[in-house]
Amino acid sequence: MTRGPKKHLKRLNAPSHWMLDKLGGIYAPRPRTGPHKLADCMPLLLILRNKLKYALNYSEATMILKQRLVKVDGKIRTDPKYPAGFMDVVTIDNTTDKFRLLYDTKGRYTLHRIKDDEVGIKVCKVTKRKYGPKRRPYIVTNDGRTINYPDPRLKRGDAIVLDTETNKIKDWVRMKPGCLAMCTAGANRGRVGELVDRERHPGSFDIVHIKDAVDNKFATRLENCFVIGASIAKPLVSLPKGKGIRLSTVEDREKKLTMWAKQKAKARRKN
């Protein structure tokens, strides 16, 4: 066995939500250690090359980043392997592009275009609440931030609205029945709905039941829920296309067939 941290990532072992083609090479860009885990992030290289198509290859994406044109949460990032993750805001000033990384209903990252009033805020989940030296209270968020002297009512699992410029809390929402939540892991990743009930299982995983906007119900672990609003009518951030409602297999097939029929009809008109 070799010693030290791993520096390479085979393409077949890369997270499936990156949607890399199997025959496109042997290796994939391995994300740096940072605010998001390897399986839950997307390197900036893939955002520029595979998602936005601003670059054709690795070197072109690197040149764009080295010109200091790309910001993540208001900070310039020049590393092509920097890990951008859930709720991160990616801005490119030259093209006036502003995106928030969210999950679609199939559990894949989507670049959701946002307006100017959403750029400076970010919703974070409280993962830890502890005391430092001299009983200094602090919280740790899902993206690795440490915030000192938070609201004493904040608990683990609650969501905070963070001002990315000042790193201060503007608002916060309690995780409780009635709040709006998005699943960030598991088989229901990307689905959005109202948290209906919480089952407590001491010594095991607590289970929550969620109901979406069309009254479809599903259950997941409590750790997989990310609060994004106080109620289903008041989301803290705008949601991507589909609004977190997963279609059934039959509905998804019909949607694709109608889309393909429209594309064929459009091509015939051109010819």
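The values are calculated or read from the model by the stated rules, or taken from the named source; none is laboratory data. Just so it is clear, the model here is predicted, and its values are computed rather than measured. All Cβ positions, even for glycine, are placed from backbone atoms using ideal geometry, and neighbour counts span all protein chains on display. Just the protein is used for accessible areas: all its heavy atoms, side chains included, with ligands, DNA and RNA removed. Shrake-Rupley method; radii C 1.70, N 1.55, O 1.52, S 1.80 Å.
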With the requirement that a residue be among the aliphatic types (A, V, I, L, M) and either surrounded by 17 or more Cβ atoms within 10 Å (Cβ to Cβ) or touching a Phe, Trp or Tyr at 6+ places or on another chain (Cβ under 8 Å) (or both), what does the stretch 7-19 give you?
Leu9, Ala14
Restricting attention to the stretch 1-40, report how many residues are of a type outside the set (A, V, I, L, M), assigned to a loop (DSSP other than H, G, I, E, B), within 21 Å of Arg77 (Cβ to Cβ) and out of contact with any His (no Cβ under 8 Å at 6 or more places or on another chain).
11
Given the conditions (1) open to solvent by 50 Å² or more (accessible area, probe 1.4 Å); (2) over 21 Å from Lys122 (Cβ atoms); (3) at pLDDT 90 or above, and given that Leu23 satisfies all but one, which numbered condition is not satisfied?
(3)
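Among the residues of the stretch 82-115 satisfying the criterion of being charged (D, E, K, R) and open to solvent by less than 40 Å² (accessible area, probe 1.4 Å), which is nearest to Ser238 (Cα to Cα)? Full working, then the answer.
Let us first name the residues in the stretch 82-115 that are charged (D, E, K, R), namely 88, 93, 97-98, 100, 104, 106, 108, 113, 115.
So of that shortlist, the ones also open to solvent by less than 40 Å² (accessible area, probe 1.4 Å) come out as 88, 97, 100, 104.
Working: Asp88: 13, Asp97: 16, Arg100: 9, Asp104: 13 Å.
Here the residue is Arg100.
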Restricting the stretch 38-53 to residues that are touching a residue at least 12 places away in the same chain (Cβ under 8 Å) and surrounded by fewer than 19 Cβ atoms within 10 Å (Cβ to Cβ), which is nearest to the chain's Cα centre (by Cα)?
Asp40
Within the stretch 249-268, does at least one residue satisfy the condition of being within 30 Å of Val72 (Cβ to Cβ) and either charged (D, E, K, R) or part of a helix (DSSP H, G or I) (or both)?
no
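Here are some residues: Phe205, Phe226. Which one is under 23 Å from Asp40 (Cα atoms), touching a Lys or Arg at 6+ places or on another chain (Cβ under 7 Å), hydrophobic (A, V, I, L, M, F, W, C) and open to solvent by 30 Å² or more (accessible area, probe 1.4 Å)? Write out each step before concluding.
Values: Phe226 fails: open to solvent by 30 Å² or more (accessible area, probe 1.4 Å).
Result: Phe205 is the single residue among Phe205, Phe226 that is under 23 Å from Asp40 (Cα atoms), touching a Lys or Arg at 6+ places or on another chain (Cβ under 7 Å), hydrophobic (A, V, I, L, M, F, W, C) and open to solvent by 30 Å² or more (accessible area, probe 1.4 Å).
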Condition broken by Ser238, with the remaining ones in (1) of a type outside the set (D, E, K, R); (2) at pLDDT 90 or above; (3) touching a helix residue (DSSP H, G or I) at 6+ places or on another chain (Cβ under 9 Å) satisfied:
(2)
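Taking the condition within 22 Å of Cys124 (Cβ to Cβ), touching a residue at least 60 places away in the same chain (Cβ under 8 Å) and either open to solvent by less than 70 Å² (accessible area, probe 1.4 Å) or among the aliphatic types (A, V, I, L, M) (or both), does Val237 pass? Please lay out each step first, then the result.
Working: within 22 Å of Cys124 (Cβ to Cβ): yes; touching a residue at least 60 places away in the same chain (Cβ under 8 Å): yes; either open to solvent by less than 70 Å² (accessible area, probe 1.4 Å) or among the aliphatic types (A, V, I, L, M) (or both): yes.
Yes, satisfied.
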Out of (1) small (Gly, Ala, Ser); (2) assigned to a loop (DSSP other than H, G, I, E, B); (3) open to solvent by less than 30 Å² (accessible area, probe 1.4 Å), what's the single condition that is false for Gly193?
(2)
If I ask for residues that are closer than 20 Å to Ala84 by Cα, open to solvent by 60 Å² or more (accessible area, probe 1.4 Å) and free of Cβ contacts under 8 Å to residues at least 60 places away in the same chain, which ones from the stretch 121-165 would you list?
Thr146
Give Tyr138, Tyr109, Tyr103, Tyr131 a once-over and let me know the one that is more than 18 Å from Gly229 (Cβ to Cβ) and in contact with a Gly (Cβ under 6 Å, 6 or more places away or on another chain).
Tyr138
